[in-house]
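Trainee: One structure coming up, written as structure tokens, with questions to follow.
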Amino acid sequence: MQTPAEILYRLSLGVVAAQWDDYEGLAETSAWFESATARELLRIDYYSRQSRSEEPVMGRVTDRKLKRAPLVALVLASMHRDGRLRERAVRLLCSSDSALSDRALAIRVADYVEAVRELAEQEVLRRTTLAQAARIMPLLQRISQRWRGSEVFARYLRALVAVHGEATIWACLRNSEGFEVRRAAFRHSFESGLLGLPDAVRLLPRERDQIVRRQLIGVVAESATPDVIAELLLRGRSAESRVLGLVKLTAAQLDPVEVERLLVDRSVLVRLWARLRWREMGRPGRGLYGARSFRRQAGGAGSGLRRARGDWD
């Protein structure tokens with residue numbers, strides 16, 4: 001995450017590049033905007049109006065100069081603290097169908113000038129392709145947590161569903177690069193029945209996002225059969241899944257070999273539940289770690305054995 005000073009510095013470089021028609025500098029600024037996440041782009045927009053300079057963002061801009069300005073210069077102008085300049089820039093951005101204009105217009109739906117805000121919202125609501133949705137939704141989702149522009153997220157979502165259908169849109173959002181949009185899409189998909197247990201079973205092994213993985217684990221724990229729970233949760237990468245597997249399965253449903261393995265798990269909570277289930281199975285406690293068969297299974301897990309012995313002591 002860039003500091004405010006770094007953001008203002010990068011913006012100043014973009015301003016100078018726009019003033020002097022420095023195409024290399026403008027390309028660098030454009031790449032900076034394009035690579036920024038939704039959160040970073042909104043921070044850039046915020047700090048772009050913190051300068052006390054009376055000079056407009058691209059020098060003393062005339063309508064004529066703005067009309068022939070390159071796209072990234074229009075994006076810079078759309079962030080300027082002069083509302084009239086922002087409005088002119090937004091009108092010109094409406095004629096561009098580029099990815100950068102999608103994101104720049106999405107930011108302006110939260111503008112504090114009503115004319116700018118309404119103009120940007122009208123244009124955003126017309127940009128309903130799946131590619132445009134992937135770029136716009138992360139910004140609108142963050143803006144929805146604010147006061148101005150908070151209702152645009154729901155309006156845009158309705159517009160997308162009207163064009164593509166609910167299943168297609170939520171499938172698209174589940175693949176969003178914006179982690180907040182993706183998490184919300186998974187939650188909605190399970191709550192609305194767009195996804196079910198077979199999907200959770202299929203997706204869980206390769207899911208990397210902790211919040212989404214927690215949702216998938218919950219679905220498996222609530223609805224799957226004992227053998228599926230044992231396969232996916234007891235052998236899962238996260239301690240949370242292993243604990244939940246031990247909680248959901250009774251001693252009669254558990255394989256002693258699996259429980260024995262979890263007695264030396266790196267997680268204290270997993271070991272606690274494994275000991276509980278081990279006792280419910282009527283298995284030995286202290287003598288367990290001296291058993292030859294257990295030593296062979298544990299192999300080189302010396303530190304795990306020491307932790308487990310400490311638990312029993």
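The values are calculated or read from the model by the stated rules, or taken from the named source; none is laboratory data. These numbers were taken from a predicted model, which means no experiment stands behind them. Glycine also receives a Cβ, built like all others from the backbone with ideal geometry; neighbour counts cover every protein chain displayed. Accessible surface is based on the protein model in full, side chains and every heavy atom, while ligands, DNA and RNA are left aside. Shrake-Rupley method; radii C 1.70, N 1.55, O 1.52, S 1.80 Å.
Trainee: So, restricting to helices (runs of 4 or more DSSP H) that lie completely within region 112-199, which ones have at least 2 residues that are basic (Lys, Arg) and more than 20 Å from ARG214 (Cβ to Cβ)?
Mentor: In region 112-199, the matching helices (runs of 4 or more DSSP H) lie at 130-143, 152-164.
Trainee: Using beta carbons and a limit of 9 Å, which pairs, at least six apart or on different chains, have the first residue in region 122-136 and more than 19 Å from THR37 (Cβ to Cβ) and the second one exposed (fewer than 15 other Cβ atoms within 10 Å of the Cβ) and modelled with pLDDT under 95?
Mentor: Between residues of region 122-136 that are more than 19 Å from THR37 (Cβ to Cβ) and residues that are exposed (fewer than 15 other Cβ atoms within 10 Å of the Cβ) and modelled with pLDDT under 95, the close pairs are ARG127/ASP97.
Trainee: Moving to a separate point now. Here are the criteria: (1) open to solvent by 50 Å² or more (accessible area, probe 1.4 Å); (2) within 30 Å of SER144 (Cβ to Cβ); (3) not in a helix (DSSP H, G or I). Tell me which single one ARG235 does not satisfy.
Mentor: Result: ARG235 fails condition (2) only.
Trainee: Continuing with this model, one more query. Name the pairs: first residue in region 185-204 and on the phi > 0 side of the Ramachandran plot and modelled with pLDDT under 95, second residue surrounded by 16 or more Cβ atoms within 10 Å (Cβ to Cβ) and in a helix (DSSP H, G or I), Cβ to Cβ under 9 Å, at least 6 apart or on different chains?
Mentor: As it stands, the answer is none, since no pair meets every condition given.
Trainee: One residue is enough: does region 166-184 have a residue meeting the conditions among the β-branched types (Val, Ile, Thr), surrounded by 14 or more Cβ atoms within 10 Å (Cβ to Cβ) and touching a residue at least 40 places away in the same chain (Cβ under 8 Å)?
Mentor: The answer is yes; a qualifying residue exists.
Trainee: Then there is this: Taking ARG127, is it open to solvent by less than 30 Å² (accessible area, probe 1.4 Å) and either acidic (Asp, Glu) or under 28 Å from the mean Cα position of the chain (by Cα) (or both)?
Mentor: yes
Trainee: Sticking with this structure for a sec: What residue, of SER144, SER189, SER223, is open to solvent by 50 Å² or more (accessible area, probe 1.4 Å) and not aliphatic (A, V, I, L, M)?
Mentor: SER223
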